[in-house]
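Here is the structure we will look at, set down as structure tokens.
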Amino acid sequence: MNYIDLFAGAGGLSEGFKRAGFEPVAHVEIDSAACYTLKTRAAYHYLKSNNLFENYLDYLKGNINRNELYSFIPEELKNSVINKAIGEENNPVIFGAIDRQLAGKEVDLIIGGPPCQAYSLVGRARSDDGMKGDSRNFLYVQYAKYLERYQPKMFVFENVLGLKSAGKGVYLHNMEKLFLKKGYKINVFSVKAENFGVLQKRRRLIIIGWKDDFTPNLPDLGNFKSGIGGMVSDLFSDLPDLQAGGGVDKFTKYASTSNDYLANAHIRNGIDTLTQHIARPHNAQDKEIYRIATGKWNDNQERLNYNDLPEHLKTHDNRTSFFDRFKVVGANLNASHTVVAHIAKDGHYYIHPDQLQNRSISVREAARLQSFPDDFYFEGVKEGANRTAAFKQIGNAVPALMAQSIADQIIKRVKLK
């Protein structure tokens, strides 16, 4: 069974479907750095399945460069990543690229979800017109064009909970009408990432659509429980200590052995090569705030209120909102607060719980919160360490473990062929 991934991002959703046994035809993504990530991950899967995995490990260890890594994979695999913005201007080119990849085959599944900022509650709150004029409100119309062209048996559309309330529900209502016009019925599920084994409180909508000429036995994703669980401390326990600005991009050794959660969640998966455990630097003032925040949390399970800081540490003019702009990732919780794309701008909302390290979380720690495996490497446009590009991709991603559970349930219950 194959799939096309639209608005693919770094490939968290795709990673889950690939693990469950689906085969990607193409990934379509506007962000160039994410497209390199997708190509590198395609190389991982190809090399692993063709007894060439040492070549991938050589890349993680810094023994070969990115072009050398890509030289080991077929040209058609590199061409399967399409770095274009989905829309009227580019659709003919994207259709042509996908058609060449398909080579006459039918499509079983389309997955992906348009950028969510236009539907998110936070995005609307920060916009002067509540995102009413944002063109991203209507990217679902483009999604429907791909359904119409490729006629998959089913589709999986991921987005934020705010889609339900955006435009007082009119966008979701119009989606349902448009998808039905294209021949697809839908079911909308509100899901919690922690129910799928992700150690993060992440709420999302999953829309499953199917051709109206058959009735699938859909999984009840809203009440699904994977049985995988742990504590946030499990994500940090085997990683080397870092100070702010420390770490290396390629090839670090683990500080200790794995644990049950890391094994069950497929995060530690047999390799001894740790990458991208790199932390951003912080100035002296931020470090002082971090020490206060971690002390409050670790001693009393209290969150830092910005207004409670000493006056010399208060540099923001806004004292009436965003009191929790500094927040510790609680090691003793079974799910952290949500990782979002803002982590690419600063780490204040994702302070490491170890006061001695006194920093925000590393790229690898953020990736683990999103349940990405440690052999997943996040690229920048230029080769080499790029914290900002990696954090942005991680914050926007669908947790890989959640995606795999959804894909597993579809394969178990629905015969697409």
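Here are the numbers:
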quantity	calculated
Set of lysines near LYS382 by C-alpha distance (under 16 Å), chain-local residues within fewer than 8 positions excluded	LYS39, LYS250, LYS392
Peptides 355-367, 394-406 ordered by average Cβ neighbours within 10 Å, highest first	394-406, 355-367
Computed lengthening from PHE323 to LEU356, 0.36 nm per intervening residue step minus Cα-Cα distance	9.4 nm
Rounded FRET efficiency, nearest 0.05, which uses the C-beta distance separating GLU23 from GLU75 and R0 of 30 Å	0.95
Nearest 10 degrees, 0 to 90: helix 170-181 Cα axis against the chain principal axis	30
Proximal charge balance of LYS181 [Cβ under 11 Å; K/R count +1, D/E count -1]	-1
Per-pair calculated FRET efficiency, R0 = 51 Å: ASN332 and LEU52 via Cβ, rounded to 0.05	0.75
Rg/Rg_ref, the chain, where Rg_ref = 2.2 N^0.38 Å and atoms are Cα	0.98
Neighbour net charge for VAL81 - beta-carbon separation under 15 angstrom, K R +1, D E -1	-1
Crossing angle, helix 91-102 versus the chain [Cα axis fit, 0-90 degrees, rounded to tens]	80
Calculated from backbone phi, Karplus (6.51, -1.76, 1.60) coupling profile of region 368-384 in Hz, x at Gly/Pro	5, 4, 8, 6, 6, x, 5, 8, 8, 10, 9, 9, x, 5, 8, 5, x
17 Å Cα-Cα reach of LYS287 towards aspartates and glutamates, excluding residues that sit fewer than 8 places from it in its own chain	ASP241, ASP308, GLU311, ASP324, ASP346, ASP354
Rounded to 10°, Cα long-axis angle of helix 139-150 versus longest principal axis of the chain	40
At most 16 other Cβ within 10 Å, DSSP loop - GluC sites (Glu not before Pro), region 282-345	GLU302
Long pairs among LYS177/LYS225; LYS18/LYS192; LYS168/LYS412, criterion Cα-Cα beyond 28 Å	LYS177/LYS225; LYS168/LYS412
Distance from region 17-32 to region 312-386 (C-alpha centre basis), Å	26
J(HN,Hα) series, region 340-349, from Karplus relation 6.51 cos²θ - 1.76 cosθ + 1.60, nearest Hz, glycine and proline x	10, 5, 4, 4, 6, 8, 7, x, 4, 8
CD proxy at 222 nm, helix term only [per DSSP H run n ≥ 4: -39500 (n - 2.57); per residue of the chain; nearest 500]	-10000 deg cm²/dmol
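Readers should treat all values here as calculations from the given coordinates under stated rules, not as data from a laboratory. Being a predicted model, the structure only gives us computed values, none of them experimental. Using ideal geometry, Cβ is built from the backbone for each residue, glycine included, and neighbour counts are taken over all protein chains shown.
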